[in-house]
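Some notes on the structure that comes next.
The values are calculated or read from the model by the stated rules, or taken from the named source; none is laboratory data. Everything numeric in this text was worked out from a predicted model, so none of it was measured. Every residue, glycine as well, gets a Cβ built from its backbone with ideal geometry; the counts of neighbours run over all protein chains shown. Accessible surface is based on the protein model in full, side chains and every heavy atom, while ligands, DNA and RNA are left aside. Shrake-Rupley method; radii C 1.70, N 1.55, O 1.52, S 1.80 Å.
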Amino acid sequence: MFRKEIPVYLFTGFLESGKTSFILDTLSQDYFATGERTLLIACEDGEVEYDAKYLLTQNVYVEYVNDEKDLSAELLGKWNASHKPKRVLIEYNGMWNTESIMEDIYPANWVLTQVISTVGYPTFNMFWGNMRSMVINQLSLSDMIIFNRCDETTNRNELRRNMKLFNKKAQIAYDWVEGFDGSSMIEEMPYDIHASSITLEDDDYGFFYMDAMENPDKYAGKTINMNGVFFRPDKYPMTRFVAGRFAMTCCADDITFLGFICDSENDIDFEERDWINLTAEITVQYVKEYKDMGPVLILKDVKKAEKPEDDLVYF
């Protein structure tokens, strides 16, 4: 008989990073508070506690695991049979190895759907400096990493770079201390936006593409050096091509090519999907493919390039 898949949402992060508060906030949101029978498995006691009696009125059943060795396929199978959940939330202990909670421990119809990690910004540098391997273990599998209690001292670009060193696919989000409006902060770019010439690192292509498409005039007249995939659509002349990267916006099934139109005085001929390194002047023109004014690269130099170890762009 067909058994409906049960989504599992895994929350990781160190003690007092805000996991419990984030879970309670999630459970209260209209999109999540749908009355489905929910099993909430708590693997540590933090500064915020669960009100099991109240949660029961919301059809949320709380179970506790106090020792890592007790978290087993047998225990989860027992709770699956007794609670018959429609979804499962796991607040994982920040000091336990995340390998202990991968998919092979789950009942057959439980599916790990999303891994969300919380990080307390005030203590992040201490953990990053003294317990980096544990930080990486907790966050390396995350689909989303949320930095809590951020303020005007928060260097979002530095945090993003640190996370992308070991987890390129994770989305990075920020939650600000009460009374501070994080939207007023100007997002730092991973390159010098004031420079007349920009050499783009492979990991920064997504930043550049989104900003250049949204604010093309900011880049007009600048020179860009970057790596990308060569592509020539049908009916393009030999003096025009597209250079860009494939991007994963949310999952493996959602991969999109993000490219810039390039014009040259001379014929340019590479194989489809060759990796190239180009240097070009950025101009702003109306292009029907953009359906608006947008960046067009006027080629100065181009050559074959090596494919990077990870050829996808992540958001």
Self-check item: Of all residues in the stretch 42-67 being free of Cβ contacts under 8 Å to residues at least 12 places away in the same chain and of a type in the set (Ser, Thr, Tyr), the one that is least open to solvent (accessible area, probe 1.4 Å)
Solution: 57
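Out of the residues in the stretch 96-132 that are in a strand (DSSP E or B) and among the hydroxyl-bearing types (Ser, Thr, Tyr), which is nearest to residue 154 (Cα to Cα)?
Taking the stretch 96-132 as the starting set, the residues that turn out to be in a strand (DSSP E or B) are 110-120.
Pick out the ones that are also among the hydroxyl-bearing types (Ser, Thr, Tyr) and you get 113, 117-118.
On the way: 113: 30, 117: 18, 118: 15 Å.
Ranking the qualifying residues of the stretch 96-132, first place goes to 118.
Search the stretch 30-70 for residues being aromatic (Phe, Trp, Tyr) and part of a loop (DSSP other than H, G, I, E, B), and hand back the single one that is farthest from residue 93 (Cα to Cα). Break it down into steps so the answer makes sense when it comes.
Restricting attention to the stretch 30-70, the residues satisfying the condition of being aromatic (Phe, Trp, Tyr) are 31-32, 50, 54, 61, 64.
In the following step, the residues that additionally are part of a loop (DSSP other than H, G, I, E, B) were identified as 31-32, 50.
On the way: 31: 26, 32: 23, 50: 15 Å.
Once the filter is applied, the top-ranked residue is 31.
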Quiz item: What are the residues in the stretch 1-36 that are under 17 Å from residue 107 (Cβ atoms) and either open to solvent by 80 Å² or more (accessible area, probe 1.4 Å) or touching a Gly at 6+ places or on another chain (Cβ under 6 Å) (or both), if any?
Solution: 1, 2, 3, 4, 5
Quiz item: Can you name the number of the only condition in (1) within 23 Å of residue 50 (Cβ to Cβ); (2) in contact with a helix residue (DSSP H, G or I) (Cβ under 8 Å, 6 or more places away or on another chain); (3) open to solvent by 40 Å² or more (accessible area, probe 1.4 Å) that residue 81 fails?
Solution: (2)
Self-check item: Test result for residue 191, modelled with pLDDT of 90 or more and either surrounded by 18 or more Cβ atoms within 10 Å (Cβ to Cβ) or part of a loop (DSSP other than H, G, I, E, B) (or both)
Solution: no
Exercise. Could you give me the residue pairs with C-beta distances under 8 Å whose first residue belongs to the stretch 19-41 and is over 13 Å from residue 56 (Cβ atoms), whose second residue is outside any loop (DSSP other than H, G, I, E, B) and basic (Lys, Arg) wherever it lies, and which are 6+ apart or on separate chains?
Key: 36/87
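Here's a check for you: in the stretch 84-95, which residue that is assigned to a loop (DSSP other than H, G, I, E, B) and basic (Lys, Arg) is surrounded by the fewest Cβ atoms within 10 Å (Cβ to Cβ)?
Residues of the stretch 84-95 that are assigned to a loop (DSSP other than H, G, I, E, B), as a first pass: 84-86, 92-95.
Keeping just the survivors that are basic (Lys, Arg) gives 84, 86.
On the way: 84: 11, 86: 15.
Ranking the candidates gives 84 first.
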Quiz item: Assuming residue 103 fulfils every condition listed in (1) open to solvent by 20 Å² or more (accessible area, probe 1.4 Å); (2) at pLDDT 90 or above apart from one, which condition is it?
Solution: (2)
